[in-house]
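The values are calculated or read from the model by the stated rules, or taken from the named source; none is laboratory data. Keep in mind that this is a model prediction, so the values were computed, not measured. Cβ sites come from the backbone with ideal geometry, for glycine too, and all protein chains shown count toward neighbours.
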Amino acid sequence: MAMETRVLIVVAVVAMFICLPSAAYAAEGTATFYTPPYVPSSCNGYQNDGVMIAAASDAIWGNRAACGRKYSVTCIGATNQGVPQPCKGNSVVVKIVDYCPPGCQGTIDLSQEAFAAIANPDAGKIKIRYTQ
């Protein structure tokens, strides 16, 4: 019985350490959205990558290193008084396919469809938490 308890504790501790890194890399920023057409893109030219896509600002672009990365994005709040509670309470996974140039208004510029999946598009810009 004592051996089983020790094994269970070790497994629980290992599982906890495996899960911690993903939570440790969560970051916060803002998201805006852009509308079709989504091609050409900076990463993939005229390849159609679907609609769950995004453009990366300088904060995550890394000289094209962000191309192809997938991010889970969650709305966490409003950035203005226009839509005080824009969040829908869920997350979306997007693939980085484009670059949002200097002057970009958000950390991640989501496709219109991705933005609408997590927030009211009337908000225009939202606070987000994102993880790779």
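In segment 25-41, which residue that is more than 12 Å from ASP98 (Cα to Cα) and of a type in the set (Gly, Ala, Ser) is modelled with the lowest pLDDT?
ALA26
If the requirement is being under 15 Å from the mean Cα position of the chain (by Cα) and not small (Gly, Ala, Ser), which of these qualifies: ASP98, ASP122?
ASP98
Yes/no matrix, rows are residues, columns are (1) free of Cβ contacts under 8 Å to residues at least 24 places away in the same chain; (2) at positive phi; (3) of a type in the set (Asp, Glu):
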site: PRO84; (1), (2), (3): yes, no, no
site: GLY89; (1), (2), (3): yes, yes, no
site: LYS125; (1), (2), (3): no, no, no
site: TYR130; (1), (2), (3): no, no, no
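Inside segment 58-132, counting only strands (runs of 3 or more DSSP E) that do not spill past its ends, which hold 2 or more residues that are within 24 Å of VAL39 (Cβ to Cβ) and modelled with pLDDT of 95 or more?
Those strands (runs of 3 or more DSSP E) span 70-78, 91-99, 108-111.
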